[in-house]
1. Of the residues that make up region 369-385, is at least one among the aromatic types (Phe, Trp, Tyr), closer than 30 Å to Lys415 by Cβ and open to solvent by 80 Å² or more (accessible area, probe 1.4 Å)?
2. Of all residues in region 156-167, count the ones that are at pLDDT below 85 and under 23 Å from Pro351 (Cα atoms).
3. Only one of Phe121, Phe130, Phe139 is among the aromatic types (Phe, Trp, Tyr), under 26 Å from Arg412 (Cα atoms) and open to solvent by 30 Å² or more (accessible area, probe 1.4 Å). Can you tell me which?
4. Among the residues of region 30-61 satisfying the criterion of being of a type in the set (A, V, I, L, M) and over 18 Å from Val339 (Cα atoms), which is least open to solvent (accessible area, probe 1.4 Å)?
5. Can you name the condition, by its number, that Leu211 falls short on among (1) open to solvent by 20 Å² or more (accessible area, probe 1.4 Å); (2) assigned to a helix (DSSP H, G or I)?
6. Could you say which residue among Thr337, Thr315, Thr325 is outside any helix (DSSP H, G or I) and closer than 23 Å to Asp25 by Cβ?
7. I need the full set of residues from region 276-295 which are out of contact with any Asp or Glu (no Cβ under 7 Å at 6 or more places or on another chain), assigned to a helix (DSSP H, G or I) and not acidic (Asp, Glu), in order please.
8. Residues to consider are Leu149, Leu208, Leu124, Leu140; find the one that is under 26 Å from Val372 (Cβ atoms) and either in contact (Cβ under 8 Å) with a residue 60 or more places away in the chain or among the basic types (Lys, Arg) (or both).
Amino acid sequence: MPSFARFAPGLAELSHYKRADISADIGAGLSVAAVAIPVALAYAELAGFPPQVGLYSSILPLIAYAIFGTSRQLIVGPDAATCAVVAAAVTPLAAGDPETYASLSAMLAVLTGLICVAASFLRLGVLADFLSKPILVGFLNGVALSIVLGQASKIFGFSVEETGIVPRVLEIFSKLGQVHVATLAVAAGTFVIIWLVPRILPWLPGPLAGLCLAGAAVPVFGLTAAGVKTLGVVPAGLPALAVPYVDPGHWPALLADAAGLALVSFSSLMLTARSFASKNGYEVDADQDFAALGAANVASALSQGFAISGADSRTAISDAAGGRTRAVGLVTAAAITIVLLFLTEPLQYVPIAALGAVLVIAGLSLVDIATVRLIYRIDRTEAVLSILATLGVVAVGAVNAILLAVALALVRFIKAVSRPSVEVLGKVDGFPGLHSLERHEAGQAIPGLLLFRFNAPITFFNAPYFKREVMKAVEASGPDLKHVVLDLLPIASIDSTGLLTIVEVEKALRARGIDFNAAGRATEWRNWAERRGFEEQRIRLFPTLRQAIRELSSERKASPRAQNE
């Protein structure tokens, strides 16, 4: 049973399902379905698919995550950012062929899923933290801008040929004289309904009301005859399960896109899962959720769908509606299945302009200027990285912007580790312990001692910096310096370059008549040094800085030179 629960925690949890949760979970599941259905139709349009494909992508993934995921509340399904990346990745490869487009998208979902599963087995759940909050917010802000501009042709009723964001803006402004008034009126009406309904009827999802009323207006006012485009006939029935096939020549490009898509979708999913887990007092397992996301993507592909991710808005609806367990996702999947089997006929009247309005709202929901402002107040460099991620989507598109986001994350990490803060420690009257002399003007160094703290591991890309900073501090300490003590507590690890650099520093100090010591992690360092044959006897180890100060100060006072002074 423990092994079973480890690989399929959802089944283990559902096997102990409480009857008292049934009514709450059914109500929450139907509430989620009321939003998931119109959103799935809109996101299918965004990803370049017929509307039913969005519904296909919303059934088996929910079941897969309910079985393999660790969040009790997370709802998965089509996601605005994921759909934008899918469209950007597949469109150039499909060359306008709808069948090829569908196969490539399904294969992209399979590869994304397999990468996620492999990452789970390699315990790479830590990648959820790889894209920092500033970079992820910036990336999603750029994707939001791309989504909003991408709906211009649906809302205004004219074609937009350009693909880049800036060229697209210029084209839209140049064609404003070609606006189709009836199409624009439908979009505007849908916007008003989506904005107004939650304020009047909070229990009714705005997108559902908007699409229903817009669809009802089509036959009532004869909008089709007026040139308003609609979804058309939506095939009823469930999709046949099939394994996608694509030309092997497309595999390298798809693999690269799948890797980026896996990273972004997993980071986004974990942000949502962790947020609601924290709010409701339970934990999620990042490694297991990596596998669950992979299973959900493979399930989507096998049911003729496309790549999916965590859906924050639908998860929020489940939470607000009182959903208690992962059974909410199963109820939502059942409701969507019923729609596909029996209720597709009314969908043919839904205007494309109304879907465009829903997508604009969805895109705007991704915009997070408040967080960028907060990040700016905390760290201006991080704010610049966030803006660069946004501009990356504008300049090179969503797919290439993933690579830019990864590059920015690496630059941020390398900068933080290669140039960590260094401190010279001393005593400050009225404050117990040791403190940075740079932050305390009244602080005093220990006579004859230099207490040096390097706040990072010592590795190949910061070892020269470590050596420079130690020698700089030695020069600043004056001619009376006799002992340098390295605080090992912040130094979690040392690679071979770092070790050789420490040897160089010790030799340079010894040539000046200064001995090199270390404090903290004494047992750990001793075992580490012995395993590597390090000449430990040249560096004295002390359990704590206090003991180092006590013994070295006593030795200094006992030395003939100190007595003469």
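The values are calculated or read from the model by the stated rules, or taken from the named source; none is laboratory data. All of these numbers come straight from a predicted model, not from anything done at the bench. So basically every Cβ, Gly included, is an ideal-geometry build from the backbone, and we count neighbours across all protein chains shown. For the accessible areas, the whole protein counts, side chains as well, though only heavy atoms, and no ligand, DNA or RNA atoms are used. Shrake-Rupley method; radii C 1.70, N 1.55, O 1.52, S 1.80 Å.
1. Yes; the residues of region 369-385 include at least one that is among the aromatic types (Phe, Trp, Tyr), closer than 30 Å to Lys415 by Cβ and open to solvent by 80 Å² or more (accessible area, probe 1.4 Å).
2. Total meeting the criteria: 2.
3. Just a single option satisfies the conditions, and that option is Phe130.
4. Filtering first and then ranking leaves Ala47.
5. (1)
6. Thr325
7. Ser278, Lys279, Asn280, Ala286, Gln288, Phe290, Ala291, Ala292, Leu293, Gly294, Ala295
8. Leu140
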